[in-house]
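Remarks on the structure that follows.
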Amino acid sequence: MTKGPQLDDQTERLFRQVHPSWIQEGRPTSQAFRPTPKDQGQLSLARGAKTSAADAYALYTVRMGLKSAGVWALRVGDFTAQNIAVFADPIDGPVPDPAHAVADFAELDDKQTRIRSQVLKARAEPVFVQKGSDDSSNP
């Protein structure tokens, strides 16, 4: 994977798709905020400077055909505070995603990753949640 430039606007919103299996009592589990083994230490996000939460959701669920209970937002600064760099990572492939970004967990061990994902979970805000996934409604 060739990452683009590191994101430095600490206030930029980053959108994270949350799989329905990672929802408990209307909130994402910390698993939603850490890479899975197939992700090679890179957590996929969408840049708020390039897309909206609703458009990111539509790309993920309709165009890519993946499942999402909704979108939760963090800021670049939430990752930076945990010593996790975030990089632009636009995708040109069959389903282009110019807003794609990655948070780089690759240098963290499993314990560090789990601790940081708990902090990120606590900071995440629901911004586009599907009915039945949470008690809140879509903005």
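The values are calculated or read from the model by the stated rules, or taken from the named source; none is laboratory data. These numbers come from a predicted model, not from an experiment. Cβ placement follows ideal geometry from the backbone for every residue including glycine, while neighbour counts extend to all protein chains displayed.
Selection of segment 23-41 for residues being farther than 23 Å from residue 106 by Cβ and touching a residue at least 24 places away in the same chain (Cβ under 8 Å) yields 23, 26, 27. Of all residues assigned to segment 61-68, none qualifies as being hydrophobic (A, V, I, L, M, F, W, C), surrounded by fewer than 22 Cβ atoms within 10 Å (Cβ to Cβ) and either under 26 Å from residue 10 (Cβ atoms) or under 12 Å from the mean Cα position of the chain (by Cα) (or both).
For residue 38, the conditions (1) assigned to a loop (DSSP other than H, G, I, E, B); (2) modelled with pLDDT under 95 all hold with the exception of (1).
When you scan segment 16-29, do you find a residue that is under 15 Å from residue 100 (Cα atoms) and of a type outside the set (A, V, I, L, M), even just one? Yes, that holds for at least one residue. Listed by first and then second residue, the pairs with beta-carbon distance under 9 Å, at least 6 apart or on different chains, first residue in segment 107-129 and at pLDDT below 95, second surrounded by 21 or more Cβ atoms within 10 Å (Cβ to Cβ) and not aliphatic (A, V, I, L, M), are 129/70; 129/72. For residue 101, the conditions (1) surrounded by fewer than 21 Cβ atoms within 10 Å (Cβ to Cβ); (2) at pLDDT 95 or above; (3) not in a loop (DSSP other than H, G, I, E, B) are fulfilled apart from (1).
Out of the residues in segment 1-51 that are of a type in the set (Val, Ile, Thr) and surrounded by 13 or more Cβ atoms within 10 Å (Cβ to Cβ), which is nearest to residue 77 (Cα to Cα)? In this case the residue turns out to be 51.
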